[in-house]
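First comes the structure, then the notes that go with it.
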Amino acid sequence: MWVKFTALSSILSHLLLSISLVEAFIRCYDTGNFTINSTYGKNRDLILASLPSNVSAKGGFFTANVGQNAYKVYALGMCRGDSSRDDCYKCVNSTIHDLIANCPNQKEALSWEGQPCHVHYADRLFYGTLEELGIPEAGYNTGDIKSNLTEFDTVWESLMDTVVRNASNGSSTLKYATGETDFTVFQKIYALMQCTPNLSHEDCDSCLRQSVSNYESCCHGKQGGYVTRPNCFFRWDLYPFYSTTTPSPSPSPDIKGINLTYQSFRCYNDSGSFTTSSTYGKNLDHILDSLPHKVSENGGFFEAIGGQDSNKAYALGMCRGDLIKDGCYSCVSSSVNDLRVKCPHWKEAVSLAVLRPCIVHYANRPFFGNLEVEPTDAAHNNESIKSDVLTNFEMAWEGLVVSMMRTASNGSSKFMYATEEAKFTESKTIYALMQCTPDLSQENCWICLKRATETHNDCCRAKQGGFVQKPNCYFLWDLHPFYALGPDTTAALSPAHTFTKGKYG
């Protein structure tokens, strides 16, 4: 039998019995209410309805927001690292139904559905922030450790330390770890830990270590237990309760046909930092909140400034030339969210057009219209052009690149974009795309793209696809179509590729 409690500071007055750990933990916060048919209510229902498919398709973790100003809703979904894609979908879907049933008009709520998945929504931005909203949820097995408790503690503490370190050292898409160790010849200890992957290494480590400490304070000497917090989860037992063979769901590509193991952003670490509540932080939030609408309503490009003097924030948004209005809005909105999570305190950051077909760049300095050729991000496909067609490829490549540079740089003050194809065998075609921010002069657009192609030649020549992005322009190509090929044609879905980060990244 398991004992479940919600107040670690007053255990005896909050004991609840449960027969297993599959019971859902749901918390409805008293931070405000809404009416079901209100704008906020409709936005909440809309974003939650989209969550199961997005979480399961994006590798088991997804964040999103919808709405404006006081009606904006933020949501996060995460599946346990050993979940299959199908189980992930089912868990998130079930959790959402439980949340709506149990918290019908609360503006913030979260759930761990028996721990295989986590859903959290709110009327505030909470991604990537270590939170202590209320008291953690915890439970323990009523059975006691029968062996030498001192020896058991030594083995248990060593395992917990290892699993904490492994989980917190995870990536920006998965911070999850399991571990097991022998206590006796016949007895093992099993442990599982996971953080929302938008936490920093330090915050994940802190969250998990606090959970372990909470467990030791409340439940020392028991035969298993768990602690759940808004950002992390910890469970251990004397029997295996997680899968050691089922892989976590693999992420789907954001650009059709390209499966990239590549980060989607760059934080300028030398730009200085700010606090969220500072004047600069508020100015930046103000212009970023309006950027998706402004970019999509102004032909796919918009520049904004907010604030005065040292607190002035500059932001630019640009959508790829083949993106429709709704797709542009969605892309810029997602990129803004990513930058807020990945670069929460840096005064300058940029999203990369390789993972999403748009760019967002903000800074505490004027950069509009200035040619900047560094820093550079680059990646390439692992596969090379076959040697028997390499000469034909390079001839087609050189002509294609020069033609595209000319077309893109001859664009207007609103649109500097080009795509082109070139066959190098009967069955093989090069597909390429170039774009400059249209605040550049024609000459500077040409220079930017020329430098980008030179970078590609240095790092990624003769590969079967690649990309280079500089602050003012980017260049992307593949052997499969990945952009709209005509005014009424959507890009074909090409086989999944893996890109490798270039030496300039």
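What follows is calculated from the coordinates using simple rules that are stated; it is not laboratory data. Keep in mind the model is a prediction, meaning the values are calculated, not measured. No Cβ is skipped: glycine too gets one built from the backbone with ideal geometry, and neighbour counts run over all protein chains shown.
Some points to look at:
- nm² value of the averaged projected area, convex hull over the Cα atoms of segment 144-237: 5.5
- Each principal axis of segment 52-120 carries a Cα extent, and these read 36, 23, 14 Å when sorted largest first.
- Among 357-365, 152-160, the order from most to least packed when residues are scored by Cβ within 10 Å on average: 357-365, 152-160
- Packing here is the average count of other Cβ atoms within 10 Å per residue, and on that basis the peptides 430-439, 286-295, highest first, run 430-439, 286-295.
- Highest to lowest packing among 225-237, 32-44, scored as the average C-beta count within 10 Å: 225-237, 32-44
- FRET efficiency, Ser200 to Lys146 (Cβ-Cβ, R0 30 Å, nearest 0.05): 0.15
- A straight Cα-to-Cα reach below 25 Å connects Lys146 with the lysines Lys4, Lys188, Lys222, residues fewer than 8 places away in its own chain not being considered.
- Within straight-line reach of Lys42, meaning a Cα separation under 17 Å, sit the following lysines at least 8 residues removed in sequence or on another chain: Lys72, Lys107.
- Environment charge at Glu443 (Cβ cut-off 14 Å; Lys +1, Arg +1, Asp -1, Glu -1): +2
- Computed from the C-beta positions of Ser427 and Asp45, the FRET efficiency with R₀ = 41 Å rounds to 0.25.
- Non-local Lys pairs in segment 377-501, i.e. 8 or more apart or on different chains, that have alpha carbons under 29 Å apart: 21
- Rg/Rh ratio calculated on Cα atoms of segment 265-363 (Kirkwood radius): 0.96
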